[in-house]
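Below is one structure, written out as structure tokens, with a few remarks after it.
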Amino acid sequence: MAEHDCSWLLGQLRAEGISDPRVLGAIRRVPREHFVPANLASRAYENEALPVDQGQTISQPYVVACMTQALALTGTERVLEIGTGTGYQTAILANLAAEVVSVERIAALADAARRRLTSLGVRNVQLLVGDGSLGAPSGAPYDAIVVTAGGPRVPARLAAQLAISPPGRLIMPVGPRDEQQLLLLSGDPHSRALRRLGPVRFVPLIGNEGWEVSS
């Protein structure tokens, strides 16, 4: 790992309000250069989103850290991730939770992420290929759900997979395809709180409860 570059990135994240030491520790431990294309490895520790295979992106480190910090993971949780991508967010979550179930729509991305995570010794992750907008109901309930693609609304089927006691939390970018608001949903089904964390721009959530491929 480029330790100097990672230290610079950690300083940037702290300056932008990332204060959870567990999240910062996970960012330090997970080598982001393993999750970007080889020709972009020198930019792995820039605080920027980068293009990856299949027309997808690896999220900006600040956004990854912000979403993870908002989940307030303690190490005991079962987490559902929608949108594995390269597996970077997956690896961060795996450092902070007991178990991660991650759903990726594109089989080639899921296969590559599986090899990458295995090579790094990440064992507490189950990778599935399918429509992420429907979640992974066979493994529900989940203590936390993180959606790494933008949808027009929070899918009802995902919210239904949150744990009730103690109440789970879900974080997701919601809004038009070109820009979304990062929303944190928490509480039980009868008294859920909704918190806005700011504007973001994610690739679209494609699926039955997301966007159509052609839309």
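Do you know which of the residues in region 141-166 that are over 23 Å from Tyr88 (Cβ atoms) and of a type in the set (D, E, K, R) is surrounded by the fewest Cβ atoms within 10 Å (Cβ to Cβ)?
By that ranking, first place goes to Arg153.
Looking only at residues in region 11-66 that are in contact (Cβ under 8 Å) with a residue 40 or more places away in the chain and of a type in the set (Lys, Arg), which one is farthest from Leu120 (Cα to Cα)?
Only one residue tops the list, namely Arg22.
Output the qualifying pairs, or none if there are none: Cβ atoms under 6 angstrom, residues six or more apart or on different chains, first residue in region 141-158 and among the polar types (S, T, N, Q), second residue assigned to a helix (DSSP H, G or I).
Hits for this filter: Thr148/Gln89.
Pull out all pairs, ordered by first then second residue, where Cβ-Cβ is under 9 Å, the residues are six or more apart or on different chains, the first lies in region 111-133 and is free of Cβ contacts under 8 Å to residues at least 40 places away in the same chain, and the second is among the basic types (Lys, Arg).
Every condition considered, the pairs that remain are Leu117/Arg123; Val122/Arg116; Val125/Arg114; Val129/Arg105; Gly130/Arg105.
Could you please find all residues in region 179-197 being loosely packed, with under 11 Cβ neighbours inside 10 Å and either under 22 Å from Val64 (Cα atoms) or touching a residue at least 40 places away in the same chain (Cβ under 8 Å) (or both)?
Those that are loosely packed, with under 11 Cβ neighbours inside 10 Å and either under 22 Å from Val64 (Cα atoms) or touching a residue at least 40 places away in the same chain (Cβ under 8 Å) (or both): Ala193, Arg196.
Need the failing condition index for Ala44 against (1) closer than 20 Å to Ala94 by Cα; (2) at pLDDT 95 or above; (3) aliphatic (A, V, I, L, M), just the number.
The one condition Ala44 does not meet is (2).
Any residue at all in region 72-88 that is hydrophobic (A, V, I, L, M, F, W, C), modelled with pLDDT of 95 or more and surrounded by fewer than 17 Cβ atoms within 10 Å (Cβ to Cβ)?
yes
Count, please, the residues in region 161-178 that happen to be modelled with pLDDT of 95 or more, at negative phi and among the small types (Gly, Ala, Ser).
Number of matching residues: 2.
Does Pro204 count as farther than 23 Å from Glu77 by Cβ, surrounded by 13 or more Cβ atoms within 10 Å (Cβ to Cβ) and touching a Phe, Trp or Tyr at 6+ places or on another chain (Cβ under 7 Å)? If you could, list the steps in order and put the result at the bottom.
Values: farther than 23 Å from Glu77 by Cβ: yes; surrounded by 13 or more Cβ atoms within 10 Å (Cβ to Cβ): yes; touching a Phe, Trp or Tyr at 6+ places or on another chain (Cβ under 7 Å): yes.
Answer is yes for this residue.
Right, Ile171: within 14 Å of Leu80 (Cα to Cα), β-branched (Val, Ile, Thr) and buried (at least 17 other Cβ atoms within 10 Å of the Cβ) or not?
Yes, satisfied.
Say we look at region 142-153 and pick out the residues that are within 15 Å of the chain's Cα centre (by Cα) and assigned to a loop (DSSP other than H, G, I, E, B); which of these is farthest from Ile106 (Cα to Cα)? Let's see the steps before the verdict.
Let us first name the residues in region 142-153 that are within 15 Å of the chain's Cα centre (by Cα), namely 142-151.
Still in the list and also assigned to a loop (DSSP other than H, G, I, E, B): 143, 148-149.
Values: Asp143: 25, Thr148: 14, Ala149: 13 Å.
My answer is Asp143.
The values are calculated or read from the model by the stated rules, or taken from the named source; none is laboratory data. Just so it is clear, the model here is predicted, and its values are computed rather than measured. Ideal geometry is used to build each Cβ from the backbone, glycine not excepted, and the neighbour counts take in all protein chains shown.
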